[in-house]
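Reviewing the structure listed below.
The values are calculated or read from the model by the stated rules, or taken from the named source; none is laboratory data. Being a predicted model, the structure only gives us computed values, none of them experimental. Here the Cβ positions follow ideal geometry from the backbone for every residue, glycine too, while neighbour counts run over all protein chains shown. The accessibility values were calculated without ligands, DNA or RNA, using every heavy atom of the protein model including side chains. Shrake-Rupley method; radii C 1.70, N 1.55, O 1.52, S 1.80 Å.
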Amino acid sequence: MKRNHYNINAAVTLFLCLIFTIILSFIMIVLESSRIHLVKAHTEGISHIALESAAGYFSLPLFENYAIFAVHMSDSSFTSLIKRYVNDNLSPSANLTGNWYNFSKINSYTCNPDKIYHITDENGKIFADQIIRYMNYKAASDAADIIFQSSFIDTFSKNYVDISDINIEENMVDTSFPLSELSEDTVNETMLTEEEAISKRNSIFNKVKRLLTKGTLDIYIDKTSDISARQTDISSLPSSVCRYKKHSDFLSSADKLMYLTYLSDTFGCYTDKKSDISELKYQLEYVLNRDCCDENNLLKSIFKIQSLRTKLNLAYLYTDSEKRQMAKTLAVAAVGVIPVPFLVEFTQLSILSAWASAEAVIDIRDLLKGNKIPLFKSKQSWSLSLDDILTFDFNTKSKNQNTGFSYKQYLLLFLYTDFNVDTIYKTMDLIQMDIKKNHSSEFRMTECITGMKYNFSFEYPFVFYHKYPYSVFQHKFTQSYGY
């Protein structure tokens, strides 16, 4: 019987076909795996570029005037902008390549926001962080001197009493007053009778009381017509519409110094002569007091300085034995022989407090004229004698030597001692007021985007390998970006 040799040759061919099929399948799997990794990198790159490109739409007025990076746009518009950039990168120009060359062809994708961060979020941390990072590139100004003295000033503020806490018509003596120290003062000879001494004492008290209870700016400023009368509506500002923990404190002392330097360099106050086009003219006063009216902000700031200067002046009077003796002499003559314990010392303390308050009015007048006041007075810088209080008026001259702290530095001192999250949001108030007035009436700090976190999902078909007919590969990931 004759054998068929063709069966043997067909078997070899079939065997070789199976081997080459396996090899080709392996090659296709490797190619598809490489393509999948390529598409993953491509889609992640596209999404990151889209976020970076959208972040490039930051507000120029916000950046140029206040060194803040943020995109002023609604969340929906910002998401649409990101999708537009993704589409542009997923669809290359037909003039460069056709779909059959595009091995990373995408069937569909989704882009959903997971979290969009605004400048007003995170209890003010996002805003403060941008300020601190910006100020790290700049040297600290003379605000450092204010911070250095703050703890020392705070000690005096707690240990010395203001004239407003003393009622000369009551014989009750508060034992918290250091009256025992005053009992050792000597008494000088005086030609005043008891009636004349009482009249002089009451005249001093009444003079100072009229000054302090008047509550108007004309006792501090000669030309009140120059005071700004600007007002604004604060109901739509960040400090009014945002929810935040007012008394939270997350900044270190060094960061607070940087922040105060930013405030000093960026915003003006009453003594600044630079031209301004802001909604409110006295901006640092607003950050300190948050009133809708310039005049009220100025007056409240002056009252705070008045209280501090009174305490510091009283601290000096305690160190000046000559002035203490003058007050003791008047107190002894006015009290007479009334047997009330510590009544003389109490009256002496009242006279010293009234004296310190009147001197504080002179100090504030100098500050508002642009001069400086030494933190702690000396014989050379003290202006008023005890008799000068009776003739006190606008013609009373100051003996200050224009050294020490300026009005603006006193404001920064109060801002440092009272610094909290509220200070940060009131700063945002000023920025919103300025940009709304001068650039865009629709501007809102609550719509300023500074960071984003998006969830992406891309679907693309298999090219070199098909597990099932019309099967697709899905790649899900999250991309974040922020200033």
Please count how many residues of the stretch 227-239 are more than 19 Å from Asp272 (Cβ to Cβ) and surrounded by 10 or more Cβ atoms within 10 Å (Cβ to Cβ). 7
Quick check on my filter: what residues within the stretch 66-95 are more than 21 Å from Asp121 (Cα to Cα) and in a helix (DSSP H, G or I)? Ser80, Leu81, Ile82, Lys83, Arg84, Tyr85, Val86, Asn87, Asp88, Asn89, Leu90
Consider Thr450 carefully, then state whether it is polar (S, T, N, Q), surrounded by 15 or more Cβ atoms within 10 Å (Cβ to Cβ) and either free of Cβ contacts under 8 Å to residues at least 40 places away in the same chain or in contact with a Leu (Cβ under 8 Å, 6 or more places away or on another chain) (or both). no
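Of Asp363, Asp418, Asp429, which residue is over 30 Å from Met326 (Cα atoms) and crowded, with 22+ Cβ neighbours inside 10 Å?
Exactly one of Asp363, Asp418, Asp429 is over 30 Å from Met326 (Cα atoms) and crowded, with 22+ Cβ neighbours inside 10 Å, namely Asp429.
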Take the residues of the stretch 315-336 that are under 20 Å from Glu196 (Cα atoms) and of a type in the set (S, T, N, Q): which is surrounded by the most Cβ atoms within 10 Å (Cβ to Cβ)? Thr329
Kindly check whether there is at least one residue in the stretch 323-338 that is over 24 Å from the mean Cα position of the chain (by Cα), under 17 Å from Phe376 (Cβ atoms) and either assigned to a helix (DSSP H, G or I) or not small (Gly, Ala, Ser) (or both). yes
Selection count where residues are over 24 Å from Phe205 (Cα atoms), assigned to a loop (DSSP other than H, G, I, E, B) and acidic (Asp, Glu), scope the stretch 391-430: 1
The one condition Thr224 fails out of (1) open to solvent by less than 10 Å² (accessible area, probe 1.4 Å); (2) more than 30 Å from Gly124 (Cβ to Cβ) is (1)
List the residue pairs whose Cβ atoms are under 6 Å apart, where the first residue sits in the stretch 395-412 and is open to solvent by 40 Å² or more (accessible area, probe 1.4 Å), the second is assigned to a helix (DSSP H, G or I), and the two are 6 or more positions apart or on different chains. Ser398/Ile362; Ser398/Asp366
Regarding the stretch 263-281, can at least one residue be identified that is among the small types (Gly, Ala, Ser), part of a loop (DSSP other than H, G, I, E, B), on the phi > 0 side of the Ramachandran plot and out of contact with any strand residue (DSSP E or B) (no Cβ under 8 Å at 6 or more places or on another chain)? no
All but one of (1) touching a Lys or Arg at 6+ places or on another chain (Cβ under 9 Å); (2) not in a helix (DSSP H, G or I) hold for Ala360; state the number of the condition that does not hold. (2)
Please name all residue pairs, on different chains or six or more residues apart, with Cβ atoms under 6 Å, provided the first residue is in the stretch 33-45 and is within 13 Å of Phe462 (Cβ to Cβ) and the second residue is modelled with pLDDT of 85 or more. none
Condition check for Ser378: open to solvent by less than 30 Å² (accessible area, probe 1.4 Å) and not in a helix (DSSP H, G or I): no
Among the residues of the stretch 438-483, which ones are at pLDDT 90 or above and among the basic types (Lys, Arg)? Arg444, Lys453, Lys476
Residue in the stretch 311-366 that is modelled with the lowest pLDDT, counting only those that are more than 30 Å from Thr224 (Cβ to Cβ) and among the acidic types (Asp, Glu): Glu345
Among the residues of the stretch 434-446, are any part of a helix (DSSP H, G or I) and either of a type in the set (Lys, Arg) or closer than 21 Å to Arg35 by Cα (or both)? yes
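Among the residues of the stretch 453-462, write down those that are open to solvent by 10 Å² or more (accessible area, probe 1.4 Å) and in a strand (DSSP E or B).
Result: Lys453, Asn455, Ser457, Glu459, Pro461.
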Test for Ile302: is it in a loop (DSSP other than H, G, I, E, B) and β-branched (Val, Ile, Thr): no
Determine whether Val241 is at pLDDT 90 or above and either charged (D, E, K, R) or within 15 Å of the chain's Cα centre (by Cα) (or both). no
If Ser307 satisfies every condition in (1) modelled with pLDDT of 90 or more; (2) within 30 Å of Ser378 (Cα to Cα); (3) polar (S, T, N, Q); (4) surrounded by fewer than 21 Cβ atoms within 10 Å (Cβ to Cβ) but one, which is the exception? (1)
Within the stretch 44-78, the count of residues that are in contact with a strand residue (DSSP E or B) (Cβ under 7 Å, 6 or more places away or on another chain), within 30 Å of Gln474 (Cα to Cα), of a type in the set (Ser, Thr, Tyr) and open to solvent by 40 Å² or more (accessible area, probe 1.4 Å) comes to 0
Hey, does the stretch 273-290 have a residue that's out of contact with any Cys (no Cβ under 9 Å at 6 or more places or on another chain), open to solvent by less than 70 Å² (accessible area, probe 1.4 Å) and at pLDDT below 85? yes
Report yes if Asn112 is more than 30 Å from Val421 (Cα to Cα), at pLDDT 90 or above and not in a helix (DSSP H, G or I), otherwise no. yes
Out of contact with any Phe, Trp or Tyr (no Cβ under 6 Å at 6 or more places or on another chain), in a loop (DSSP other than H, G, I, E, B) and among the acidic types (Asp, Glu): is that true of Asp388 in this structure? no
